[in-house]
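A quick write-up on the structure given underneath.
The values are calculated or read from the model by the stated rules, or taken from the named source; none is laboratory data. Treat the numbers as computed from the prediction; the structure is a model and nothing was measured. Cβ atoms come from the backbone with ideal geometry, glycine included; neighbour counts cover every protein chain shown.
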């Protein structure tokens, strides 16, 4: 059995510590109001360590964003897998996305900061990798089973994804987020129901 290289292990631990600290600070103060000095101070590392592992603050944010997106994806999958039928899995997964984005930490990082920090194109690429492809597959499965109307799946997936992304942004900025979530969920269920064959 090969022993792990202590330098590699230490490097991975340093990266994980910086990502954890940065995630906490970004979610509480926002990207713009989180200086790199505070991240390295709270992580107990040097500024050199930050720049050894990341190109800079934006690159560190990208790692935080990827981790947050993976968490949202895991919550969607968990909600979908707990459902009974493929149709219930689609609706549960979509509702799981709205609910996950109620988490203030995920909301700040994924919905509020990421499009501005990373740029729209990169944000869309990462969003596509984590969520859009799963949505397309769920719609494809339903279409092949004859459970939804025959519609262009690429267009449908983008329309639904765009609507849900806009909804979570609206929820994040609402005076009463819980009420906004309820209203968005009701509207989403009505939209999805209209797809049924």
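Structure notes:
- Counting only helices (runs of 4 or more DSSP H) wholly contained in the stretch 21-93, the ones carrying 2 or more residues that are without any contact (Cβ under 8 Å) to a residue 60 or more places away in the chain and crowded, with 19+ Cβ neighbours inside 10 Å occupy 36-43, 57-81.
- Residue 56 being within 23 Å of residue 21 (Cβ to Cβ) and either modelled with pLDDT of 90 or more or out of contact with any strand residue (DSSP E or B) (no Cβ under 7 Å at 6 or more places or on another chain) (or both): yes
- Filter pass, residue 99 being assigned to a helix (DSSP H, G or I), crowded, with 19+ Cβ neighbours inside 10 Å and either at pLDDT below 90 or within 17 Å of the chain's Cα centre (by Cα) (or both): no
- Matching residues in the stretch 10-20 - criterion: being modelled with pLDDT under 95, touching a helix residue (DSSP H, G or I) at 6+ places or on another chain (Cβ under 9 Å) and surrounded by fewer than 15 Cβ atoms within 10 Å (Cβ to Cβ): 11
- Residue under evaluation residue 122, criteria (1) in contact with a helix residue (DSSP H, G or I) (Cβ under 9 Å, 6 or more places away or on another chain); (2) closer than 30 Å to residue 33 by Cα; (3) at pLDDT 95 or above, criterion not met: (3)
- Being in contact (Cβ under 8 Å) with a residue 24 or more places away in the chain and within 30 Å of residue 58 (Cα to Cα) is not true of residue 195.
- Scanning the stretch 139-197 for residues that are surrounded by 11 or more Cβ atoms within 10 Å (Cβ to Cβ) and assigned to a strand (DSSP E or B) yields one hit, 148.
- Test: residue in the stretch 136-146 that is more than 25 Å from residue 67 (Cβ to Cβ) and touching a strand residue (DSSP E or B) at 6+ places or on another chain (Cβ under 9 Å): yes
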